[in-house]
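**Student:** Right, I'll just put the structure down here and ask away after.
The values are calculated or read from the model by the stated rules, or taken from the named source; none is laboratory data. Predicted model only: the values in this text are computed from it and were never measured. The accessibility values were calculated without ligands, DNA or RNA, using every heavy atom of the protein model including side chains. Shrake-Rupley method; radii C 1.70, N 1.55, O 1.52, S 1.80 Å.
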Amino acid sequence: MGTLTQRQQRGQDCVWCGVTLTPGAVVDLGPRRYRRADWVTQWFPRACRKHPRGER
């Protein structure tokens, strides 16, 4: 997650290719846990239709 832009982290851009996501062209990849040192949180990545199963 450290290499993603803020827009990718917020689900505005595809986590794989960085394209801006538009309504109807979004794949929700489901919740993911992120751990950094003692801090754990969840994030909800999204992708474009070119990456329907979260693949590059």
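**Student:** Please list, ordered by chain and number, the residues whose modelled amide H lies under 5 Å from the amide H of LEU21; skip anything fewer than 5 residues away on the same chain.
**Tutor:** HN-HN under 5 Å from LEU21: ASP13, CYS14.
**Student:** If you don't mind, there's one more thing I want to ask. Could you give P(r) for the chain, binned at 5 Å from zero, as whole percent values over all Cα-Cα pairs?
**Tutor:** 4, 22, 30, 25, 11, 6, 2, 0
**Student:** Using just the helices of the chain, give the 222 nm mean residue ellipticity in deg cm²/dmol: DSSP H runs with n ≥ 4 each add -39,500 (n - 2.57), and the total is spread over all residues, rounded to 500.
**Tutor:** About -1000 deg cm²/dmol.
**Student:** Using a Gaussian network model of the chain with C-alpha springs under 10 Å, which one of PRO31, PRO45, PRO23 is most mobile by mean-square fluctuation?
**Tutor:** Sorting by GNM fluctuation, first place goes to PRO23.
**Student:** Considering only protein heavy atoms and a 1.4 Å probe, what is the carbon-and-sulfur percentage of the accessible area of the chain?
**Tutor:** That fraction is 47 percent.
**Student:** So which residue, out of ASP38, ASP28, ASP13, gets the largest mean-square fluctuation from a GNM of the chain using Cα contacts under 10 Å as springs?
**Tutor:** Maximum among the listed residues: ASP38.
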